[in-house]
Amino acid sequence: MKIALLCLCLFLSVCVFSADAIAQPGSFDVRRHLSTVTRYEVSTDAQRHAPPIPNPIPNSCQPIHLNLVARHGTRSPTKKRIKELDMLATRLASLLQDQHNPSISIPEWIRGWQSPWKGRLKGGELIHLGEEELYRLALRVRDRFPHIFAEDYHPDLYPIKATQVPRAAASAVAFGTGLFSGKGTLGPGHHRAFSVVSESRASDILLRFYDTCATYKDYRERHEPQVEKLKEPVLEEITSALISRHSLNFKRQDVASLWFLCKQEASLLDITNQACGLFNKTEIHLLEWTDDLEVFLLKGYGKSINYWMGVPLLQDIFQTMQEAIQANEENQPGGMYERARLRFAHAETIVPFSCLLGLFLEGDEYEKIQRSESLDLPPKPPQDRNWRGRSIAPFAGNNMLVLYQCRDKQKGQNSSYHVQVLHNEVPVSLPACGTDFCPFEVFKEKVVLPLLKHEFNSICDAKSVVRDVEAPKPCSWSCKFSNFLGGIFSSAQPQQEKSEL
């Protein structure tokens, strides 16, 4: 059942980050190393300082339709995580009581520390930073594509969809407030009302496919413990280092909770000298990598079901493009057909969808996934890697697919159509196309059609799941990696693909 939310958009004042809120390019800033907990402005700051990329789009081409898939903005910790931080406060107090050596230097903030979210009974809501992220994103999108947003608002022209989770719906409202600001009669900002539509969690296969795909839920339940096993050596190494530096009897779970606290303090509160200050630069790089590893294995290229289940979303986007092309070919007035479809969801939506498009791959990896071959895990620091949660799905991270109509009126040529993909507002080249301005027929033949064979109901039928992985036995670091990969990719070959799903 679809639930329509009529949003009365009132005046929203926009705060701009101070000059020192984001460190200068080139300097180490822990806020740029928080995986998917990274704020949007921090994640994209380096891009804004990079030299501008020449626009390759011919003057004869005009954008006629836009699809947006965006993650919700910066949010507070969830209720479960708030409880974890309360337990951490108790644990830190206990560690201090067990330390009787007055000559030991203990970080002052630990003494008497209490969680900033102490006493909160609920969490996970969009905070003001998240509202601003989506509001400003909308202003930039409107300025970048004025032709698409030139029509008066109508829910059929600019449908806005969000998951049935308050922070996603609130993100949609913040975006819509910016997008339609100055186009209404409400308040001094001349805002207007608009609708946000949500599908029931139980049936939302477009934006919450990870909740409705039984095969994926089974896979994730079985493999989450093994992912935690892969993290253990890093956490053990850092635990030993913290004990040595501070003479407090930290356990591995303490370090995991302190890293979580570091991410929350740095991203939400701009506090980098407390929990984050416990770790050195090398340790932060390693902790970020463990988070990215988890995203890779449980949401990304680590298993084909992670992204194949997102095919209904790609199919929906492709259908809107076909309808826009048909409307243009029939010379329908601009106000008669959909101009943009705007969707607001979660990291579990953005990451698989980015994988469907083949983003963030290196070398011959795209060819490998086309042949159903396994990919190597993201390389461990200090090696560099493309796969970074902070770039793939920061708060408010987004993918835009913009459809262009191209026609040389002087030569009387028929229209041709192209698709431009932008990730976090930056044009990206699709491996299947070899360009960031892909002919529509190439997009159709090389990106969409090969994926449509992965029909949602077939691949998400849990009855066909084969429990092909046993719980890992204790072994060395390299052995754990080998065992895990063996389970992950035991059915990677095409002839075994069906049994895996």
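Summary of values
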| quantity | calculated |
| --- | --- |
| Apportionment of accessible area to carbon and sulfur, the stretch 282-365, percent (1.4 Å) | 42 |
| Under the Karplus curve 6.51 cos²θ - 1.76 cosθ + 1.60, θ = phi - 60°, whole-Hz ³J(HN,Hα) for the stretch 273-281, x wherever Gly or Pro sits | 10, 10, 4, 5, x, 6, 9, 8, 4 |
| Sequence-distant residues sharing a close amide H with His65 (under 5 Å, placed H) | Leu403 |
| Net charge dipole size for the stretch 230-312 [Lys, Arg +1 and Asp, Glu -1 on Cβ; Debye, nearest 20] | 120 |
| Accessible surface ranking that places the most exposed of Ile110, Ile369 first, with a 1.4 angstrom probe | Ile369, Ile110 |
| Calculated from backbone phi, Karplus (6.51, -1.76, 1.60) coupling profile of the stretch 297-306 in Hz, x at Gly/Pro | 7, 9, 10, x, 6, x, 7, 4, 4, 4 |
| 5 angstrom amide H check on Ala345, placed H, neighbours 5+ away | Ala70, Arg71, His72 |
| For the stretch 278-392, with +1 on Lys and Arg beta carbons and -1 on Asp and Glu, the positive-most of Ile325, Gly363, Thr349 along the dipole | Thr349 |
| Label-point gap, in nm, between Asp156 and Arg144 - each point 7 angstrom along Cα→Cβ | 2.9 |
| Size of charge dipole - the stretch 27-146 - debye, nearest 20, with Cβ of Lys, Arg +1 and Asp, Glu -1, no other charges | 340 |
| Net length gained if the chain between Ala193 and Lys118 were fully extended (0.36 nm per residue, minus Cα distance) | 23.4 nm |
| Lysine pair count for the stretch 183-338 [Cα-Cα under 26 Å; pairs on different chains or 8 or more apart] | 18 |
| Residues with amide H under 5 Å from that of Asp408, placed H, sequence gap 5 or more | Gln413 |
| Solvent-accessible surface (1.4 angstrom probe) belonging to Thr90, in square angstrom, nearest 10 | 100 |
| Global form of the stretch 235-300, assessed from the alpha-carbon gyration tensor, a/c cut-off 1.5 | oblate |
| Rounded to whole Hz, the Karplus (6.51, -1.76, 1.60) HN-Hα couplings of the stretch 68-78, x for glycine and proline | 10, 10, 10, 7, 4, x, 4, 10, 7, x, 6 |
| Which of Gly187, Ala202, Ile243, positive extreme of dipole for the stretch 154-282 (C-beta unit charges) | Gly187 |
| Between the stretch 325-384 and the stretch 69-103, the Cα center-to-center distance that results, in Å | 35 |
| Computed accessible area, Arg144, all protein chains, 1.4 angstrom probe, square angstrom | 110 |
| Accessible surface, 1.4 Å probe, highest first, among residues Asp461, Asp152 | Asp152, Asp461 |
| Loop-located trypsin sites (Lys or Arg not before Pro) in the stretch 339-436, at most 12 other Cβ atoms within 10 Å (DSSP) | Arg371 |
| Extreme residue, positive dipole direction of the stretch 261-338, given options Cys262, Tyr307, Phe279 (C-beta unit charges) | Phe279 |
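The values are calculated or read from the model by the stated rules, or taken from the named source; none is laboratory data. Note that this is a predicted model, so its numbers are computed, not measured. Every residue, glycine as well, gets a Cβ built from its backbone with ideal geometry; the counts of neighbours run over all protein chains shown. All accessible areas refer to the heavy atoms of the entire protein, side chains included, with ligands and DNA or RNA removed. Shrake-Rupley method; radii C 1.70, N 1.55, O 1.52, S 1.80 Å.
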